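Working notes for the structure below.
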Amino acid sequence: MSTTEVINPATEAVVTHVELVSADEADAAIGRAHRALPAWRDVAPADRARLLRRFADAVDADREHLARLEVENSGHTIGNARWEAGNVRDVLNYYSAAPERLFGKQIPVPGGVNVTFAEPLGVVGVIVPWNFPMPIAGWGFAPALAAGNTVVLKPAELTPLTALRLGELAREAGIPEDVFQVLPGKGSVVGQRFVDNPLVRKVVFTGSTEVGKQVMAGCAVQVKRVTLELGGKNANIVFADADLEKAAATAPYGVFDNAGQDCCARSRILVQRSVFEKFMALLEPAVQGVVVGDPGDEKTEMGPLISAAHRSTVRSYVDDTTTVAFRGSAPEGPGFWFPPTVVLPRAGTDRTVVDEVFGPVVTVQTFADEAEAIRMANDTEYGLSGSIWTENLGRAMRVARGVEAGNLSVNSHSSVRYWTPFGGVKQSGLGRELGPDALDAFTETKNVFISTEGD
């Protein structure tokens with residue numbers, strides 16, 4: 001049996017060892033999920049809804065334990081981790097309303113009655129990344145289970161602990177064991193079985209664009225459905241008429257939250273040229289005021305990076321040729337720490353501008369007018385999220401319509417609200433999670449015509 005070490009990124013201490021699932025074991029689990037599908041699909045809608053609410057209640061009762069697990073496993077701040085556990089609860093509660101509302105349609109046709117049904121796809125494979133292990137797992141399994149599918153979930157090798165606990169809570173709540181299974185393992189092994197095994201009818205993948213392309217290509221062989229939530233290189237556009245004090249004060253939290261390990265991070269700040277100097281003067285104390293340290297401390301606002309290897313990758317973007325405007329602080333000693341860093345790129349082709357650094361590094365560039373701001377914001381292969389800061393409503397709407405991104409916020413850095421759809425355009429992925437739209441991704445429309453014509 002192969003195992004992996006779970007490392008605390010804030011201390012570099014070994015937390016525990018987790019057994020990894022083999023390819024054969026993954027196939028066996030998929031087979032069990034397939035056999036469990038008819039009984040789960042046929043559970044009365046009200047009863048399936050009750051089970052999901054019980055699951056949500058179990059998560060809520062275990063919220064502090066889940067949060068502490070995430071702090072230890074992922075280095076998330078305790079405040080963020082509590083929100084993340086609460087998000088799993090809220091998403092389960094939200095989709096607990098779905099089983100009784102999976103409406104079809106009656107479509108007027110000649111010679112009979114035509115109705116449609118929203119039916120489950122089958123076994124759904126959910127592949128979860130290491131940056132937000134709890135909420136992203138819930139975004140996949142909650143609507144999938146609500147729609148009558150069975151789920152096999154693969155957490156990231158680095159961060160399996162909260163997923164394993166969620167699997168335990170599901171069983172405690174009465175979700176049948178084979179209906180929701182958590183399979184820790186390597187992406188090249190377990191994740192690949194989700195792609196290759198024909199009993200899996202849909203794959204939900206969140207991760208890098210490079211791997212997402214491989215998942216999509218593999219699923220295409222079987223014409224298997226796929227939802228992809230991939231990378232981002234998001235713009236935070238600040239116009240001269242904005243509340244500059246608020247825009248500068250909140251900008252660090254739009255990019256340095258979770259140490260910048262967020263596909264929605266606003267890692268490119270675009271500032272109107274006429275207010276650049278004023279904005280930078282306001283931004284510097286805001287960056288230096290970000291509290292970086294022990295993620296279990298209630299006052300901490302940013303924790304460590306996930307691993308030594310990832311810290312090396314982030315460091316490679318800030319070298320002797322990089323113009324650093326200013327930096328925040330980070331602890332010395334054990335832990336995968338990296339300080340909040342603000343960079344002034346030499347050109348729009350700099351690696352810090354083009355690549356998804358996935359760390360606490362943000363670039364600042366200037367623009368002249370709306371047209372240039374939109375052009376610069378769209379000058380990326382990604383299109384996931386972004387922010388627009390202006391007091392002019394007309395400008396906000398024009399720029400929002402012009403920026404190529406799936407999720408935008410005005411005078412805010414909000415990206416995820418479980419009531420509304422979430423997803424990207426271009427190489428940030430395809431499909432939508434959360435909100436009412438997610439159920440479409442986990443159901444098939446069946447059309448039935450009933451003739452009413454006599455003999």
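The values are calculated or read from the model by the stated rules, or taken from the named source; none is laboratory data. As the structure is a computational prediction, the values presented were derived from the model and not from experiment. Counting neighbours? That spans all protein chains shown, and the Cβs are built from the backbone with ideal geometry, glycine included. Side chains are part of the model used for accessible areas, which takes the heavy atoms of the whole protein and leaves out ligands, DNA and RNA. Shrake-Rupley method; radii C 1.70, N 1.55, O 1.52, S 1.80 Å.
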Checklist entry - So how strong a dipole does the chain carry about its Cα centre when Lys and Arg Cβ are +1 and Asp and Glu Cβ are -1, to the nearest 20 debye? => result 800 debye
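Taking the Cβ of residue 231 as the centre, find all other residues whose Cβ is under 12 Å away and add up their charges (Lys, Arg: +1; Asp, Glu: -1).
The answer is -3.
Roughly speaking, to the nearest percent, how much of region 202-242's 1.4 Å accessible area is carbon and sulfur?
Roughly 64 percent, rounded to a whole number.
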Checklist outcome for this item: Summing +1 per Lys or Arg and -1 per Asp or Glu among the other residues with Cβ less than 12 Å from residue 28's Cβ gives -1
Checklist entry - Of the heavy-atom accessible surface of region 252-320 (probe 1.4 angstrom), what whole percent is carbon and sulfur? => result 48 percent
Item to check | Charge dipole (the chain, unit charges on Cβ, about Cα centre) - positive-most of 342, 36, 313 | outcome: 36
Checklist entry - Scattering from the C-alpha atoms of region 167-215 alone, worked out with Debye: what is log10 I(q)/I(0) at q = 0.24 1/Å? => result -0.97
Checklist entry - For the peptides 400-409, 440-449, 39-48, what is the packing order when you average, over each peptide's residues, the other Cβ atoms within 10 Å and list the highest mean first? => result 400-409, 440-449, 39-48
Checklist outcome for this item: Summing -39500 (n - 2.57) over every DSSP H run of at least 4 residues in the chain and dividing by its residue count gives a helix-only mean residue ellipticity at 222 nm, to the nearest 500 deg cm²/dmol, of -11500 deg cm²/dmol
Checklist outcome for this item: With the 1.4 Å probe rolled over protein heavy atoms, region 180-269 has an accessible area per residue in Å² of 31 Å²
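Given a 1.4 angstrom probe, I'd like the percentage of the accessible area of region 76-159 that is carbon and sulfur, rounded to a whole number.
Here carbon and sulfur together make up 58 percent of the probe-accessible area.
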Item to check | Within-10-Å neighbourhood charge of residue 80 [Cβ basis; K, R +1; D, E -1] | outcome: -3
Item to check | Per-selection metrics, the chain (Cα): Rg and Dmax in Å | outcome: 23.1, 86
Item to check | Rounded to 5, the percent of DSSP beta bridges in the chain classed as antiparallel | outcome: 40 percent
Checklist entry - Any idea what angle helix 244-255 forms with the longest principal axis of the chain, computed on alpha-carbon atoms, 0 to 90 degrees, nearest 10? => result 50 degrees
Checklist entry - Given the pairs 202/426; 105/154; 105/426; 299/426, which span a C-alpha to C-alpha distance of over 28 angstrom in this model? => result 105/154; 105/426; 299/426
Checklist entry - Hey, how many Å between the Cα centroid of region 325-386 and the Cα centroid of region 191-259? => result 17 Å
Next on the checklist: Can you tell me which lysines have their Cα less than 26 Å from the Cα of residue 278? Leave out same-chain residues fewer than eight positions away.
Outcome noted: 233, 246
Checklist outcome for this item: Projecting the Cα atoms of 71, 56, 362 onto the charge dipole of the chain, where Lys and Arg contribute +1 and Asp and Glu -1 at Cβ, the residue farthest towards the positive end is 56
Checklist entry - Counting Lys and Arg as +1 and Asp and Glu as -1, each charge on the Cβ, what is the dipole of region 1-59 about the Cα centre in debye, to the nearest 20? => result 560 debye
Checklist entry - If you average the sequence gap of Cα pairs under 8 Å that are 6 or more apart and divide by the length of the chain, what percent do you get for the contact order? => result 18 percent
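Which value, in Å², gives the accessible area per residue of region 1-84 when a 1.4 Å probe is used on the protein heavy atoms?
Counting only protein heavy atoms, the per-residue value for region 1-84 is 47 Å².
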Checklist entry - Could you give the angle, 0 to 90 degrees to the nearest 10, between helix 23-41's Cα long axis and the longest principal axis of the Cα atoms of the chain? => result 60 degrees
Item to check | Accessible surface of residue 253 - all protein chains present, 1.4 Å probe, nearest 10 Å² | outcome: 100 Å²
Item to check | Rounded to the nearest 20 debye, dipole of region 362-414 from Cβ charges on Lys, Arg, Asp, Glu | outcome: 160 debye
